[in-house]
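For reference, the structure discussed in these notes is given below.
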Amino acid sequence: MCGIVGYVGRAKAAPILLDGLRRLEYRGYDSAGLAVVNGRHELQTRKCAGRIAALAKLMVKKPVSGSFGVSHTRWATHGKVTNENAHPHFDASGKLALVHNGVIENYQTLREELISGGDTNFRSETDTEVLAHLIGKLYDESCATTVDTPQKKAHMLEAVRAALQRVIGTYGIALIHSDVPEFMIGARRGSPLVLGVGKGENFLASDVSAIVAYTRDAVYLNDFDVVAVDREKFEISSLAGETGDHQVSKVEFTAEDIKKGDYAHYMLKEIFEQPGTVRDAMRGRLSPEECTARLGGLNMTPPQLRDVGRIILTGCGTALHAGRVGEYLIEALANIPTEVEYASEFRHRNTPLTRETLVFTISQSGETADTLGALRESRRKGFRTLGICNNVASTIARESDGGVYMHAGPEIGVAATKSFTSQVVILTLIGLLFGRMRTLSTAEGSRIIESLEALPEQIETVLKLSDQIKEIAKKYADVTGMLFFGRQFNFPIALEGALKMKEITYLFAEGHPSAELKHGIIALIRPDLPSVFIAPDDGVFSKNLNNIEQVKARKGPVIALTSGNGASQLKTLANEIVTLPEAPDCVMPVLSVIPLQLLAYHLAVELRRDVDKPRNLAKSVTVE
Ligand code: F6R
């Protein structure tokens, strides 16, 4: 959510900043801007409402020069989407440029204080501008007579620290000042910031994918870190000014991994990556000899694992839906009472937790503000809290007591797809591990392992349905919305199918347990509102069949996903039948979600929606 890129080095800063912004555009895309200082100590700024392409166009008309600068792509929180509200923002002197992710909660108080001190030069409605003014004011006060550059740098650093100590809220920031050459400062609290370490050049970014084309050496900043960055060196200290050790890590992926290749959209690429990503989620974690899963990253001894008496799964959006599948899985395989909590609710409510409770946070990005809040709240209460994350360098991964990485590779499409199936596979592994320590026999464990191992090939089979689903999407392109229904393991898949549909087609969509139909939803049934039933040939197929009859009786079109003998029984009932490979109940969600990802995708393309950058959304929601 919002993207930051900063550069200081010998190369021209503007192309590097623009290139980084393009790679971060999925983080926010309502406006963009940059500021670069040239050899005459002039701060040149270009910013505009709209996409990065609009900024790039502006830069062709009005180029900038210089070898250090900061840039930003915005997802609006405070203030409308206008040129003025786009970042960077400036201090009262106009010499300091700052970009910011996060929310300054006490910005009104700070703004009033600055105004009563005589500062009337505010140009935007944003919280960010207030921070820029505060830092600028503190710097100008301390630096009035300083001419020496090292001293200016020291004063600038002090001003940043002093200002941030006054801030309530969250921030990832990068800033430059036209009087302080080849120098930038970054800081974080609650919003991610990474330092890219190059040769004779250094970078700041909110996400390493912005800079991985230039360097794979990175330092992931912690909350309350402030980093002073030159061309040749950097120094990380705390808000209080203490310096400490920081590790330079190698970024796991390369710039190649974040290319779209021949696919029309990242979302489609990521849907088609699922045979590989599901395989990677299980790689080295299956033990056919012991008929169980090996999850060393949980950092728990066998007695500790045996003592777990209750599990809470928490996350947001798609990750929460994966948790809902996990609830069915863990209860079915391990018989451990499991609950799913919205992270945004869990973090603020007083969920009674017993001594034997284990909490899992589920997050692709590992940076979602509410999920991070839930993790911190759970740990503050003294509960062991584990993460299921994709981004290994993320805050959630670093702050958890242990966990399981997805290894799904970067997910760029705003609508989550491959991360969902990896999360479900990992939750199956967790169910298997806990189950085998309780009631699950070797034969049952072995059957689950076989079904998991069969998944990548079965996903390949499901992906071959893409053309059929495209035809269905064309046929239903003028509907007013869609309803999704499923039972048991496939009820959360109905929720996820509806979420995908809403996000990228903007059509009305809802997911429900099939049986809820007759408790109210049936009032909605009409010919222009199709119902998608996830009805594999399982123990509840006949119940789903009843519900399908109820829809048909009211002239509602039915799109059915089924398996095995389901197709023959649905032949006269469903308008469309999509046949999935046969699989046991507990792994079916990994297969049944894929046609729904494809349905949303093809329908969005048919409706000419911007699939990878749907309106109002952004990847990785780092604000509350
Ligand atoms: C849906 C989607 C969001 C995310 C949610 C959590 O397609 O992308 O609902 O699933 O914002 O994000 P992570 O998993 O990064 O915590």
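Please treat every number below as a calculation from the coordinates, not as lab data. Here the structure is a predicted model, which means the values were calculated and not measured. Virtual Cβ from ideal backbone geometry, glycine too; neighbours counted across all protein chains shown.
The alpha carbons of region 526-624 stretch over 45, 33, 26 Å along the principal axes, in descending order.
Only one residue of Ile594, Leu529, Thr442 has its Cα farthest out toward the positive end of the dipole of the chain, where Lys and Arg carry +1 and Asp and Glu -1 on Cβ, and that residue is Leu529.
To make sure I understand the rule: partners must be lysines, Cα under 16 Å from the Cα of Lys470, and not fewer than 8 residues away in the same chain. Which ones qualify? Cross-link targets: Lys269, Lys500.
Per-residue ellipticity at 222 nm for the chain, helices alone: DSSP H runs ≥ 4 residues times -39500 (n - 2.57), over residue total, nearest 500 deg cm²/dmol? Don't jump to the answer; show the numbers that get you there.
Details: 19 runs with 229 residues, N = 624.
Taken over the chain, the calculation gives -11500 deg cm²/dmol.
Among Lys12/Lys57; Lys95/Lys199; Lys418/Lys474; Lys233/Lys259, which pairs are too far apart, with a Cα-Cα distance over 19 Å? Violating the 19 Å Cα-Cα cut-off are Lys95/Lys199; Lys418/Lys474; Lys233/Lys259. For region 449-511, the relative contact order is 27 percent, taking Cα pairs closer than 8 Å that sit 6 or more residues apart in sequence and dividing their mean separation by the residue count. What FRET efficiency would be calculated for the residue pair Arg447, Asp245, taking the C-beta separation as r and a Förster radius of 56 Å, to the nearest 0.05? The pair Arg447/Asp245 has a calculated efficiency of 0.70.
Computed from the alpha carbon atoms alone, the convex hull of region 300-382 holds 93 Å³ per residue. Shape analysis of region 3-253 places it in the rounded category; the axes a ≥ b ≥ c from the Cα gyration tensor give an a/c below 1.5.
The 3J(HN,Hα) values that the Karplus relation (6.51, -1.76, 1.60; θ = phi - 60°) gives for region 467-481 are, in residue order, 5, 4, 5, 4, 5, 4, 4, 4, 5, 9, 5, 9, 6, 8, x Hz. Gly and Pro appear as x.
Applying a 10 Å radius around every beta-carbon, put 341-350, 472-481 in order of their mean neighbour count, most first. Let's see the in-between values first.
Numbers: 341-350: 17.4, 472-481: 15.7.
Packing order, densest peptide first, comes out as 341-350, 472-481.
Only beta bridges with both residues in region 263-418 are counted; by DSSP, about 10 percent of them are antiparallel.
Take every DSSP beta bridge whose two residues both sit in the chain; close to 60 percent of them are antiparallel. Computed on the Cα atoms alone, the convex hull of the chain gives a volume of 157 cubic angstrom per residue.
At a threshold of 8 angstrom on Cα-Cα distance, excluding pairs fewer than six apart, so keeping six or more, what relative contact order does the chain reach in percent? Taking the mean separation of contacting Cα pairs over the length of the chain, I get 12 percent.
Before anything else, pin down the relative contact order of region 357-500: Cα pairs under 8 Å, at least 6 apart, normalised by residue count, whole percent.
Dividing the mean separation by the residue count of region 357-500 yields 14 percent.
When you count the other C-beta atoms within 10 angstrom of each residue and take the mean per peptide, 485-496, 596-607 line up highest first as 485-496, 596-607. Residue separation of Arg380 and Ala255 scaled by 0.36 nm, minus their Cα-Cα distance, works out to 41.2 nm of gained length. What the pair-distance distribution of region 465-607 shows, using all Cα-Cα distances binned every 5 Å from zero, is 2, 11, 23, 26, 22, 12, 3, 0 percent.
Highest-first packing order for the peptide set 49-60, 525-536 is 525-536, 49-60, based on the mean count of other beta carbon atoms within 10 Å. When the Debye formula is applied to the Cα atoms of region 260-463, each taken as the same point scatterer, what base-10 log of I(q)/I(0) results at q = 0.18 Å⁻¹? Values, matching the q order: -1.25.
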